[in-house]
Amino acid sequence: MNITIVAGARPNFVKIAPIIKSIEKANLNGIDINYRLVHTGQHYDKIMSESFFNQLEIPEPNVNLECGGGSQAEQTAAIMTKFEKELLNNRPNIVLVVGDVNSTMACTITAKKLCIDVVHVEAGIRSGDMSMPEEINRIVTDAISDHYFTTSEYANENLIDQRVNSEKIHFVGNTMIDSLYENLSKIKRPLFLDNDEIKIKKYFLLTLHRPSNVDDIEKLNKIISSILDFSRDFPIIFPVHPRTKKNLDLLNITSNKLNVIEPQGYLEFLYLIKNSKGIITDSGGITEEATVLNVPCLTLRNTTERPETVVIGTNELIGDNYLLLGKSIEKIIDDNWKKGNIPKHWDGKTSERIVSKLCSLYNCFI
Ligand code: UD1
């Protein structure tokens, strides 16, 4: 069986790495399963892409479609146009997509229109917030996929509500957490910390990249100044996404506590999560990693597509409530935060379950 695996943006790389390892292992064991890796080029900076491939030991992509930048429509259209040619030249039995980025949706539509089966890893998650491009990507991808690999009971229920046949829903767990467990022993202290006063569990980690938080310069300013106001003498480490950098540069914030740094490699970022006092973020994936590492996490959004990180894990939704943000930061500093548990099937074996299920669904046992 031939699978085309699609990856385009940073979180995709973390999700595909363990799936590729499991496919290679199955192949070595004589199972008829091969893959071709397509990088759409949605993320293209060395630090956003190449360093993830190196650290996660992902093989060179067979092809890079080089579709970075552009508006939502331009990016989606460019990926579809180039991916169609790729599929016509190298037709697989199935296309495997992960997550909810533009590449996920664009490649799903393209494959289905060529009558190729699509399997979606991390299917079924929903925030209910239609202003997020990711929510549209999730709904469209899940409307036309053939098999759904899910991370939570919530995701299963969402798919059932969408009238997906339950036989096509496979609750396998979280491949991002496979990568986390695989790499925990390899995490790296970032170089910028070497000659610094920043100590383990004595800093907050901040990440912001959602258009709703960073594209409006006033809002970005309010978020950062509130965090600086409430975090007492705790330094803030802020690896800045390229999208956020444009407005942050204009703000010209000067504070000794704010450590603005480049986006980090995967192993350095895991180090920063694991050793932080708490995390303030608008990412989804980071709330999952924080949950597994039992690190307090504040999400600067009104909704989450990952409710298990709040109900079971260490995450809380803060939205735009700056008073709640302040109180929550103080609770974390005072060691008064809830202790989380680890959601079902987030055990490091999700990719094995996915590959074994694919083999039985598509008869690749020899
Ligand atoms: C994308 C995903 C988001 C995911 C995030 C992780 C969509 C709709 N959004 O958002 O779900 O959480 O990735 O990072 O797919 N840029 C660079 N260098 C890069 C990558 C991007 O300069 O390597 C610039 C782009 O040119 C663009 C901006 O950053 O101007 C945003 O990039 P884009 O891929 O459109 O969306 P993200 O905000 O990264």
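The values are calculated or read from the model by the stated rules, or taken from the named source; none is laboratory data. Quantities reported herein were computed from a predicted structural model and do not represent experimental measurements. Neighbour counts run over all protein chains shown; Cβ positions are idealised from the backbone, glycine included. Heads up: the accessible areas ignore ligands, DNA and RNA and are worked out on the full protein's heavy atoms, side chains in. Shrake-Rupley method; radii C 1.70, N 1.55, O 1.52, S 1.80 Å.
In region 162-176, is there at least one residue being under 26 Å from Thr303 (Cβ atoms), outside the structural domain of Val260 (by TED's automatic domain parsing), among the polar types (S, T, N, Q) and surrounded by fewer than 23 Cβ atoms within 10 Å (Cβ to Cβ)? So far as region 162-176 goes, yes, one or more of its residues are under 26 Å from Thr303 (Cβ atoms), outside the structural domain of Val260 (by TED's automatic domain parsing), among the polar types (S, T, N, Q) and surrounded by fewer than 23 Cβ atoms within 10 Å (Cβ to Cβ). The set of residues in region 122-157 that are within 15 Å of the ligand (Cβ to nearest atom), open to solvent by less than 10 Å² (accessible area, probe 1.4 Å) and outside any loop (DSSP other than H, G, I, E, B) comprises Glu135, Asn137, Arg138, Thr141. The condition of being within 14 Å of the ligand (Cβ to nearest atom), assigned to a helix (DSSP H, G or I), on the phi < 0 side of the Ramachandran plot and in the same structural domain as His43 (by TED's automatic domain parsing) does not hold for Glu86.
The criterion of being open to solvent by 10 Å² or more (accessible area, probe 1.4 Å), within 22 Å of Val355 (Cβ to Cβ) and away from the ligand (no atom under 16 Å from the Cβ) holds for Asn93. The residues of region 20-67 that are within 21 Å of the chain's Cα centre (by Cα), over 28 Å from Ser185 (Cα atoms) and surrounded by 19 or more Cβ atoms within 10 Å (Cβ to Cβ), listed by number, are Val38, Thr40, Gly41, Gln42, Leu65, Cys67. Against the condition open to solvent by less than 20 Å² (accessible area, probe 1.4 Å), away from the ligand (no atom under 12 Å from the Cβ) and of a type outside the set (Ser, Thr, Tyr), how does Val295 come out, does it pass? Yes, satisfied.
Scanning region 167-213 for residues that are modelled with pLDDT under 95 and of a type in the set (Phe, Trp, Tyr) returns a single hit, Phe192.
Under the condition of being open to solvent by 50 Å² or more (accessible area, probe 1.4 Å) and more than 12 Å from the ligand (Cβ to nearest atom), the residues counted in region 251-281 number 6. When the strands (runs of 3 or more DSSP E) confined to region 160-250 are screened for residues that are within 16 Å of the ligand (Cβ to nearest atom) and of a type in the set (Phe, Trp, Tyr), those reaching at least 1 such residues are found at 236-239. Among the residues of region 57-109, those that are touching a Leu at 6+ places or on another chain (Cβ under 9 Å) and of a type in the set (A, V, I, L, M) comprise Ile58, Val63, Ala78, Ile79, Leu87, Leu88, Ile94, Val95, Leu96. Determine, yes or no, whether Val6 is outside the structural domain of His241 (by TED's automatic domain parsing), in a strand (DSSP E or B) and in contact (Cβ under 8 Å) with a residue 60 or more places away in the chain. For Val6, the condition - outside the structural domain of His241 (by TED's automatic domain parsing), in a strand (DSSP E or B) and in contact (Cβ under 8 Å) with a residue 60 or more places away in the chain - is met.
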